[in-house]
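Let me begin by presenting the structure, written as C-alpha cells, before commenting on it.
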Amino acid sequence: MKKFFAMLIAAMMILSAFAALAENGTLTMCTNAQFPPYEFYGDDGETIVGIDADIARAICEKLGYELEIKDIDFDACIPGVNTHKYDFAAAGMTVTDERKEQVQFTDTYATGIQVIIVPEDSEYESIDDIVADKGSVKIGVQQATTGDLYSTWDYEDEGLGTVDRFKSGGAAVASLQAGKEDCVMIDSEPAKNFVAQNEGLKILEAPYTTEDYAMAFAKDSEVYEAFNAALAELIEDGTVQAIIDQYIPAEAAE
Ligand code: ARG
C-alpha cells in the first residue's frame, strides 16, 4: 500500500510537471474581436480569425507556444496586459505616446488610417463642414480608441461637438444608422467592412490621420524579446504581408 501511494505521488508530480510545461507553452492574447479584418469571428462563430490572430498564431508556432485568444473590451486590453492577465494585446492597436508610457510595443506590422463614415446622402466632405453647417457635430466612436481620443481632443474639448462612446465600432455604426450621430470616426479597414455590411453609408474621401499598428506587452514581459524577434523575422520573410494580403485584397487596399 505504501508503495502504491509513493507511486501515486510520483505520478502526480510527473503529471503536474507536465501541466506546468503545458502552461508555459501557452501565450494568451487579448483583443476586441469586432474589428474586421484584424479580428472577427470566423464562419463557425467561435474561432477568432483575422490579420492579428493569424500573425499571432504564426509567431506562436515559430516559438513553440500554444495561442489562446480572449475577446474583451478594447479599453480593458492595456490594463489586462499590465496586470499579466494576458501575455499581450493584438487589436489593431495604434502606437501612441500615451500608450507607450504604459506598455511596450512590438515592431509595427501594419498601417491604420482613421476615416469618417457618414450617411450616403451626406453632402459634407469633412467633420469641419458639419461643424460649420450645424454649429456642432455628434461623433460616434469605439471607447478608448484613437478615434475616441482625436474626436475628444479636436471637437469635444474645443466645444465643437459631442462624442458618443460605444463598446464596439459596430455599435457606433448602428447608432449612426439610427440617425443619432452625424458621423463615426474609425480605422479604415473596419470602416470598409462596416460600410459593406450596412446599407446607406459611405466613407469620406479625406482620411483623418494615419497611424501605426503594433502589439502591446507589459514592460516587464519575459516573452517580449523573443516574440518581437519572431515577428521581425516574419515581416522580413514576407509572411506578415501574405497574411495581410489574404484579408485585404491588393485591389481593395488604398
Ligand atoms: N487603432 C485604434 C486604436 O488603437 C482602434 C483599435 C480598435 N481595435 C479593436 N480590436 N477593436 O485605438
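Just so you know, all these numbers are worked out from the coordinates, no wet-lab data involved. From a predicted model like this one, the values you see are computed outputs, not experimental measurements. Don't worry about glycine lacking a Cβ; one is built from the backbone with ideal geometry, like all the others, and counts go over all protein chains shown.
Listed values for the range 30-36 are Karplus-derived 3J(HN,Hα) couplings in whole Hz (6.51 cos²θ - 1.76 cosθ + 1.60, θ = phi - 60°), namely 10, 7, 10, 8, 10, 9, x, and x replaces Gly and Pro.
Over 20 Å between Cα atoms: which of Lys138/Lys167; Lys134/Lys180; Lys167/Lys202 fall into that group? Numbers along the way, then the final one.
Numbers: Lys138/Lys167 17 Å; Lys134/Lys180 14 Å; Lys167/Lys202 22 Å.
Correct reply: Lys167/Lys202.
Secondary structure note: in the chain, about 55% of the DSSP beta bridges are antiparallel. Take Asn198 and Glu233, extend 7 Å from each Cα along the Cα→Cβ direction, and tell me the distance between the two endpoints in nm. About 4.2 nm, to one decimal.
The label-point distance for Glu46 and Thr96, in a model that sets each label 7 Å from Cα toward Cβ, rounds to 3.6 nm. On the beta carbon distance between Leu63 and Asp121, with R0 = 45 Å, the FRET formula returns roughly 0.35.
Modelled spin-label separation between Lys167 and Thr210, with each label point placed 7 Å from Cα along the Cα-to-Cβ direction: 3.5 nm.
Bridges between two residues of the range 112-241, per DSSP, are antiparallel at a rate of about 55%. Of all complete DSSP H helices in the chain, those with a Cα span along the helix axis of 27 Å or greater and a mean Kyte-Doolittle hydropathy of 0.0 or more are 2-24. Fewest-first ordering of Leu63, Leu176, Leu201 by other beta carbons within 10 Å of each residue's beta carbon gives Leu63, Leu201, Leu176.
Only helical DSSP H runs with n ≥ 4 go in: add -39500 (n - 2.57) per run for the chain, normalise by residue count and round the 222 nm mean residue ellipticity to 500 deg cm²/dmol. Don't jump to the answer; show the numbers that get you there.
On the way: 10 runs with 101 residues, N = 254.
Helices in the chain give a 222 nm mean residue ellipticity of -11500 deg cm²/dmol.
Taking amide H atoms as placed 1.01 Å from N in the peptide plane, the amide H of Asp164 lies under 5 Å from those of Ile139, Gly140, Val141, each 5 or more residues away in sequence or on another chain. Each principal axis of the range 38-195 carries a Cα extent, and these read 57, 37, 23 Å when sorted largest first. Taken about its Cα centre, the chain carries a charge dipole of roughly 1500 debye when the Cβ of each Lys and Arg holds +1 and the Cβ of each Asp and Glu holds -1. Annotation: amide H of Glu211 within the under-5 Å range of Gly112, Ile113, Gln114, sequence separation 5 or more or interchain, hydrogens built in the peptide plane.
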